[in-house]
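The values are calculated or read from the model by the stated rules, or taken from the named source; none is laboratory data. The structure presented is a predicted model; accordingly, all values stated were derived computationally and were not measured. Methodologically, a virtual Cβ is constructed for each residue, glycine included, from the backbone with ideal geometry; neighbour enumeration extends over all protein chains shown. In case anyone asks, the SASA skips ligands and DNA or RNA and just uses the protein heavy atoms, side chains included. Shrake-Rupley method; radii C 1.70, N 1.55, O 1.52, S 1.80 Å.
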Amino acid sequence: MFYLVLAILSSSIISIIMRLSEKYVENQMGMFMANYLICTVLSYVFMEELSLSVSSVTFGLGVISGILYLVSFVYLKMNMKYNGIVLSSTFMKLGVLIPTLMAIVIFKESPSWTQVLGIILSILAIILIHFEKDSIHEGNKKLWLLVLLVISGISDSTANIFDKIGSGDERDMYLLLTFFFAFLLSLVLAIMGKKKITGKDMIFGCIIGIPNYFSARFLLLALSSIPAVLVYPMYSVATIVVISLCGVLLFHEIVSRKKKIALCLILVAMGLLNV
């Protein structure tokens with residue numbers, strides 16, 4: 001449980017720093033590159049033992065996870081700009097539906113009736129938000145929230161897949177590969193973008209990289225001792241609460257009545273998923 005709490009705090013800090021960076025960062029990909037460089041360095045520093053022999057499962061999942069990590073970060077940043085930190089972070093964490101369903105369907109973890117009800121309420125909350133009357137342009141922005149949910153959910157699922165079919169001895173190598181390939185991809189995209197990378201881009205990227213690494217590390221450690229069907233809902237609901245409070249109190253974001261109802265449904269749903 002201790003590792004889960006640390007993962008929640010680390011995850012919340014990532015979104016808050018990313019929201020703060022909006023006024024200062026000019027090259028988003030440059031920031032992501034610095035972020036994953038720090039994550040890669042930390043992965044190497046905290047490795048218990050470096051081995052050049054890596055299983056195909058660890059290598060493959062590391063590459064896939066690295067790509068998904070970068071893509072989910074890009075969509076999170078984009079959604080924060082148009083949909084705010086509260087909704088963006090909520091939908092990112094609502095991606096928990098995907099690894100939860102995967103744990104039930106593929107890994108045969110048995111859900112209770114409360115967990116089934118939680119999944120239903122989550123879907124209702126999504127429908128409520130997306131059927132709120134808005135302009136066509138605003139409606140298109142909401143579709144980005146669904147894209148973020150799916151990408152984030154698949155990204156989170158890779159950690160659970162590794163926990164189930166990977167080797168615990170290669171946990172550190174899995175994290176190193178994940179962040180290294182995310183760094184390589186962001187580096188290539190930054191070079192292709194031909195846009196100047198400023199000192200502020202690098203500074204914010206380095207600051208984000210620290211909680212980003214520990215969020216992934218602590219989540220993996222939590223999965224090794226607590227069932228995934230419990231870890232993911234607890235991880236998501238607590239992060240949603242912290243980020244939502246920060247969004248309203250620190251960034252003065254305004255949340256409509258329907259969205260408040262949807263957020264409450266999501267919180268109840270995550271609670272039921274945890275019962």
Conditions (1) under 16 Å from ALA7 (Cα atoms); (2) open to solvent by less than 30 Å² (accessible area, probe 1.4 Å); (3) modelled with pLDDT of 85 or more: number failed by TYR232 = (3)
For LEU265, are the conditions met, namely being open to solvent by 30 Å² or more (accessible area, probe 1.4 Å), over 23 Å from ILE104 (Cα atoms) and part of a helix (DSSP H, G or I)?
-> no
Taking first residues from segment 74-87 that are on the phi > 0 side of the Ramachandran plot and second residues anywhere that are of a type in the set (D, E, K, R) and assigned to a helix (DSSP H, G or I), the pairs with Cβ under 9 Å that are 6 or more apart or on different chains are GLY84/ARG19
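Let's see how each residue does on (1) in contact with a Ser or Thr (Cβ under 7 Å, 6 or more places away or on another chain); (2) modelled with pLDDT under 75; (3) not small (Gly, Ala, Ser):
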| residue | (1), (2), (3) |
| --- | --- |
| ALA103 | no, yes, no |
| PHE107 | no, yes, yes |
| PRO111 | no, yes, yes |
| HIS130 | no, yes, yes |
| SER135 | no, yes, no |
| GLY139 | no, yes, no |
| LEU143 | no, no, yes |
| VAL147 | no, no, yes |
For ILE254: the one exception among (1) at pLDDT below 75; (2) farther than 25 Å from LEU6 by Cα; (3) open to solvent by less than 60 Å² (accessible area, probe 1.4 Å); (4) of a type in the set (A, V, I, L, M) = (3)
Go through segment 63-112 and count every residue that is open to solvent by 20 Å² or more (accessible area, probe 1.4 Å) and not in a helix (DSSP H, G or I).
-> 7
Considering LEU245, LEU230, which residue is over 14 Å from the mean Cα position of the chain (by Cα) and under 30 Å from ILE106 (Cβ atoms)?
-> LEU230
Might you let me know whether segment 34-56 holds any residue that is more than 16 Å from LEU76 (Cβ to Cβ), open to solvent by less than 70 Å² (accessible area, probe 1.4 Å), over 19 Å from the mean Cα position of the chain (by Cα) and among the hydrophobic types (A, V, I, L, M, F, W, C)?
-> yes
Does at least one position in segment 12-31 carry a residue that is crowded, with 17+ Cβ neighbours inside 10 Å and of a type in the set (Phe, Trp, Tyr)?
-> no
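When you scan segment 212-223, do you find a residue that is under 11 Å from ALA34 (Cα atoms) and open to solvent by less than 20 Å² (accessible area, probe 1.4 Å), even just one? Talk me through it step by step, then tell me what you get.
If we filter segment 212-223 for residues that are under 11 Å from ALA34 (Cα atoms), which is where we start, we get none.
The answer is no; no qualifying residue exists.
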